[in-house]
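All remarks here apply to the structure that follows.
Nothing in this text is a laboratory measurement; each read-out follows from the coordinates by a stated rule. The model shown is predicted, which means the values in this text are computed figures rather than measured ones. Cβ coordinates were reconstructed from backbone atoms using ideal geometry, including for glycine residues, and neighbour counts include every protein chain displayed.
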Amino acid sequence: MDVLQAIMTRRSIRRFTGEVISEEQLDTLVRAGFQAPSAHNEQPWHFVVVRDKEKLEVIGKTHGYAKMLPSAGCGIIVCGDEEKQNNRGFLVEDCSAAIQNILLAAHGIGLGAVWCGIYDSGNLVDFMKELLELPNNIIPIGMVVVGVKDAEKAPSDRYDANKVHYDKW
């Protein structure tokens, strides 16, 4: 799939068949995350792939926007290492770029995916840190719920010329 086609046609998918995604597909998604740009090339991300059914159920019940997680192939929690990038703003931006790469890669290989935010919802951050046994320096930023899609969504043109400014507001 052409990169512009992927950008213009990717949609958040929240309905999945429950089929397990292959190791090859999972490898493609994580590798795409590693290719994201990062401030000062620090690459502060870590990826926690959750496939355990019990954990998927618990996350789905706790995270208000991840109720679909148990029917997906997995959840990929993108975390940032504060020891690699101590500027919290850059850390969040770097991990967000990795999340976008994973979303585009999922679309490119025919899977469905949706971004579920974690940071900076204190309760969700604490919950994920405890559930995933994250070290103190690792901050969960967001989760990509990914799987075989059970729904198609038509592309949506979101362009708004009123939000484009040149040289000043």
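Brief remarks on what is shown
Table: residues versus (1) loosely packed, with under 15 Cβ neighbours inside 10 Å; (2) in a strand (DSSP E or B).
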{"residue": "C116", "(1), (2)": "no, yes"}
{"residue": "F127", "(1), (2)": "no, no"}
{"residue": "I141", "(1), (2)": "no, yes"}
{"residue": "A151", "(1), (2)": "yes, no"}
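- Identity of the residue in region 1-55, outside any loop (DSSP other than H, G, I, E, B) and of a type in the set (V, I, T), that ends up surrounded by the most Cβ atoms within 10 Å (Cβ to Cβ): V50
- Members of region 14-69 that are over 13 Å from the mean Cα position of the chain (by Cα) and of a type in the set (V, I, T): T17, V20, I21, T28, V58, I59, T62
- For N136, the stated conditions do not hold, so it cannot be described as surrounded by fewer than 16 Cβ atoms within 10 Å (Cβ to Cβ), over 19 Å from the mean Cα position of the chain (by Cα) and not in a loop (DSSP other than H, G, I, E, B).
- Residue tally, condition in a helix (DSSP H, G or I), within 23 Å of E23 (Cα to Cα) and not hydroxyl-bearing (S, T, Y), over region 59-95: 5
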